[in-house]
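Heads up, the thing below is written out as structure tokens.
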Amino acid sequence: MNKIIITSLISLMLATNVSAGTDGENKLPKKNSGEVKDCFESVNRATFKFNQVLDGVIFEPVAKGYRKLPSPIRNGTGNVLENLSSLITVPNNILQGEFQKAGINTGRFAINTTVGILGIFDVAKKMNFPEYQKEDYGQTFGAWGIGAGCYLVLPVLGPSTVRDTAGSFVNVLGGDPWYNASANGNNHYLSDSDYMVTKVLSGIDFRAKNIDSIENLEKNSIDFYASVRSLYLQDRQKKIANSNALTDTQNDSDWEEIETQ
Amino acid sequence: MRLKKFLIFIFVIINFFGINQSYSMAPDVFVQSTVNRASEALNNKYSKEEKIEKLKQIASETVDINGIGYYTLGAYRKTINENEINQYEKLFEQYFLKSFSSRLAEYSNPEIEVVSKKELNENYTMVSSILAGTEQRPEVKIDWRIYTKNPEKPLIRDLIIEGLSLARTQKEEFSSIIQSNDGDINALFSTLKEFIK
């Protein structure tokens, strides 16, 4: 399995002639700052509608029910899921040359898994660890300079790009230690259903945290599909740039020529 | 005597600058005062309709609606004629006020605290703030792009929520509508009219 990953990664790197930055400061390459094409817009719009129906029938009602649970239960669940995501974040920190962050996130995972009882309590936060930032293989590909490719809407999973979808495949090809230990592992304690439960819970947790904003956005959009596409792509751009500096992710040039005073 | 004249001179100078400063408003103070006005408008003692009217009034005074309208139109603003621009300005204002006020009217007593500001250039300052979390949603970072060309009348041009620009989202939404109608600006006008109804 490792051979497959290494071969895939090497071929991706060779195909795009990129190299990973090692200065700990990955800026979004210029060529990624351009528009992402919606090459399959009609199919994407159809899938988007399908997802909306599915959301209305299943995810939204479940998320609303989940939101009624006492907040300690929701917070604990959110913490466990975030702690598990460290297992993907750490290898991606390393692949992006961010060794210091990899060390911090490994420490966070160790403390929260042990003292924080399997991640239920975010003890590391109380110990003033830096704010946690998730990383995934799609972000790593972006940081390496691989373009986003076309915009995609995946059934059930929602907005993505060709690059981000490829990144998700790396998880099930051995890049996610939690997947390896549960769905793909040979042990008596975990099974693939554990992996599926955490993935479904992650979706519900995200949906529950964003019920109001999604509803608000849908109600006040004149093209909801285009709004979601824009927000997804902006979010990915920001995450790949690994920057909280607004000026790095906002293109100011168009504002400059508008004068109303 | 000389000392007395000197003190009077100093007094006049201080007052002069004091008066001048009172006309200009620091962008972070402007945002905090706007947020406080909006919070008051969102007080539950008002009905939803009253809240919307109050928010529209605040937006008319503090947001550069025309500027956002031009930005939102993107490259198309250079290709449409003057009549179309005039029609667009009117439609956009109504669209913006309705969309803006109904987005905000859903919140009740939001607590927003301004935390810092960063001057980008003489025309723009970014003001950072935090919307306090509640039982139902986490804390949210909101940044405000303030147009400061006229320091006496700063205006809001964009809200950036957790790094996502509302103006850019709106611009891409408008562009999508025009593009999917073979570049016909009238398709956008029809959609805006439908929304305003």
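The table below lists the values:
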quantity: From B:I130, B:I156, residue being surrounded by 14 or more Cβ atoms within 10 Å (Cβ to Cβ) and farther than 15 Å from B:I68 by Cβ; calculated: B:I130
quantity: Residue within region B:141-152 that is more than 14 Å from the chain's Cα centre (by Cα) and among the aliphatic types (A, V, I, L, M) present; calculated: no
quantity: Test result for A:V200, part of a helix (DSSP H, G or I), away from every other protein chain (no Cβ under 14 Å) and under 29 Å from A:K68 (Cβ atoms); calculated: yes
quantity: Among (1) in a helix (DSSP H, G or I); (2) modelled with pLDDT of 90 or more - the single one A:N216 does not satisfy; calculated: (2)
quantity: Residue in region A:139-162 that is in a helix (DSSP H, G or I) and surrounded by fewer than 16 Cβ atoms within 10 Å (Cβ to Cβ) present; calculated: no
quantity: Unique match (being in a loop (DSSP other than H, G, I, E, B), within 30 Å of B:T191 (Cα to Cα), modelled with pLDDT of 85 or more and hydrophobic (A, V, I, L, M, F, W, C)) among B:I80, B:I156; calculated: B:I80
quantity: Those residues of region A:65-86 which are hydrophobic (A, V, I, L, M, F, W, C) and surrounded by 19 or more Cβ atoms within 10 Å (Cβ to Cβ), in sequence order; calculated: A:V80, A:L84
quantity: Boolean, A:R67 is among the basic types (K, R), under 23 Å from the mean Cα position of the chain (by Cα) and either modelled with pLDDT under 95 or more than 23 Å from A:D235 (Cα to Cα) (or both); calculated: yes
quantity: Filter result (more than 8 Å from chain B (Cβ to nearest Cβ) and either among the aliphatic types (A, V, I, L, M) or under 13 Å from the mean Cα position of the chain (by Cα) (or both)) within region A:224-241; calculated: A:V228, A:Y232, A:L233, A:R236, A:Q237, A:K239, A:I240, A:A241
quantity: Close pairs from region A:34-56: first under 15 Å from A:S160 (Cα atoms), partner among the acidic types (D, E), Cβ under 8 Å, at least 6 apart; calculated: A:N44/A:D38
quantity: Where B:R103 falls short, out of the listed (1) surrounded by fewer than 17 Cβ atoms within 10 Å (Cβ to Cβ); (2) modelled with pLDDT under 85; calculated: (1)
quantity: Selection from region B:163-197 of residues that are in a helix (DSSP H, G or I), more than 10 Å from chain A (Cβ to nearest Cβ) and basic (K, R); calculated: B:K193
quantity: Single residue of region B:108-162 satisfying the filter (within 11 Å of chain A (Cβ to nearest Cβ) and among the polar types (S, T, N, Q)) that is farthest from B:V31 (Cα to Cα); calculated: B:Q136
quantity: Breaking point among (1) of a type outside the set (D, E); (2) within 14 Å of another protein chain (Cβ to nearest Cβ); (3) surrounded by fewer than 19 Cβ atoms within 10 Å (Cβ to Cβ); (4) farther than 23 Å from B:T148 by Cβ, for B:K45; calculated: (2)
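The values are calculated or read from the model by the stated rules, or taken from the named source; none is laboratory data. Predicted, not measured: the structure shown is a model, and the values here were computed from it. Glycine also receives a Cβ, built like all others from the backbone with ideal geometry; neighbour counts cover every protein chain displayed.
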